[in-house]
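Only one structure is covered here, and it is reproduced in the block below.
Readers should treat all values here as calculations from the given coordinates under stated rules, not as data from a laboratory. Predicted, not measured: the structure shown is a model, and the values here were computed from it. Don't worry about glycine lacking a Cβ; one is built from the backbone with ideal geometry, like all the others, and counts go over all protein chains shown.
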Amino acid sequence: MLDWSDSKEVTMRSEHENRVVLGMTAVVASERMSHLMGQVERIARSNASVLITGESGSGKEMIARAVHHYSLRSSKPWVDLSCAALPDQLLESELFGHEKGAFSGAEAAKPGLFELAHQGTIFLDEVAELEPRMQVKLLRVLDGVPYYRLGGVKKVSVDVRVVAATNQNLERAVGSGRFRGDLYHRLSQVTVSVPPLRARREDIGPLAEYFLAQHDPGMTLSAGALARLESHPWPGNIRELRNTVVHAAVLADGRELGAGDLRFRTMSPERVSPVEPEANLDVMERRMIFEALSKVGGHQQRAAEQLGISRRTLSRKLKLYQTESSREHVGVA
């Protein structure tokens, strides 16, 4: 399995493989993830655009870093950006740069991330959050069309490999008109799907041991704790596992984590079966969102922070639920 933590070397007690990729450690234990990493190495040797899909916290960024690490561009720049991290008005300047005086506060010229990534790789996380105007401009750059910095008069040409990631169903977004079909096809020349943690349970133990050793190399994990970790559905994937292990280690009385030391902040193992069909995952996601909102009195920013998603993503989800509810009330299938 994959972890985006730092590259500190630790001694593991289970049979698995550790790989350091761009300063981050990937812990690969399951056959499924070992096979996926082999695919990534082959994909990396091409120059195709790569779209990485998977649930939040499942390790998409590590896969993106591996694509660059194993590519012929590995000695060139690696640049990454979350498309949901910046307001729309700043995102264009961040990606494509601006000239001095292009807008209020632009006191000096600034190259964009595409320029900084020239001959290397740019990673666009949460790419589904791009607004329509930005989708058009990104498509042109992907097609090799030179572009202007904001306020610029000279076109910029770049040679950049684009790797994008999303936890959304982009085909569904294309069907609903939220995402351009031509951009989707351009980004997904190769698609890599990262399985959720509950679908690769052999990774849970080695990952838990790794997080525990990072926190305190002298602590151990009991058989009971390991069994409980392996039975949990992990809707928050690796991020949730890491938080659970660290939280337990901080509060534990002894040097061994027992099953009773573990506290699951999302859902109990009994409420979700180990392998969920997509429909049930949608129900689970909706339940988690409303539970988080309830805990913070409806404050969307705080709920988004607890869920590990952007405020924009949460708002979009709530609008989608409202639309679905309206359709149910008028009898629309």
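Computed values, structure above
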| read-out | value |
| --- | --- |
| Cross-link table 76/319; 137/317; 100/137; 154/319, entries beyond 31 Å C-alpha to C-alpha | 76/319; 154/319 |
| Fraction of beta bridges assigned by DSSP in the chain that are antiparallel (%, nearest 5) | 30 |
| Exposure proxy ranking, count of Cβ atoms within 10 Å, fewest first, for 155, 137 | 155, 137 |
| GNM flexibility winner over the chain from 204, 238, 289 (Cα, springs under 10 Å) | 289 |
| Exposed GluC sites (Glu not before Pro) absent: longest stretch of the chain, with sites in DSSP loops and at most 11 other Cβ within 10 Å deemed exposed | 108-333 |
| Contour excess over end-to-end distance, with Cα ends at residue 191 and residue 45 and 0.36 nm allotted per residue | 51.1 nm |
| Highest-MSF residue in the chain out of 223, 108, 44 [GNM, Cα springs under 10 Å] | 108 |
| Gap separating the Cα centres of the stretch 193-226 and the stretch 39-94, nearest whole Å | 25 |
| Under-5 Å amide H pairs with residue 221, H placed in peptide plane, nonlocal only | 257 |
| Hz values of 3J(HN,Hα) by residue in the stretch 75-86 - Karplus curve (6.51, -1.76, 1.60), Gly and Pro given as x | 8, 9, x, 10, 10, 10, 8, 8, 5, 9, 7, 10 |
| Built amide H within the under 5 Å cut-off of residue 82, gap 5+ | 125 |
| Residue exposure sequence - 58, 222, 30 - by fewest surrounding Cβ within 10 Å | 222, 30, 58 |
| Reduced Cα scattering model of the stretch 45-193, Debye log10 I(q)/I(0), q = 0.18 Å⁻¹ | -1.08 |
| FRET efficiency estimate (nearest 0.05) - Cβ-Cβ, residue 172 to residue 305, R0 25 angstrom | 0.45 |
| Full-stretch length increase - residue 31, residue 247 - with 0.36 nm per residue and alpha-carbon distance subtracted | 74.9 nm |
| GNM flexibility winner over the chain from 321, 184, 148 (Cα, springs under 10 Å) | 321 |
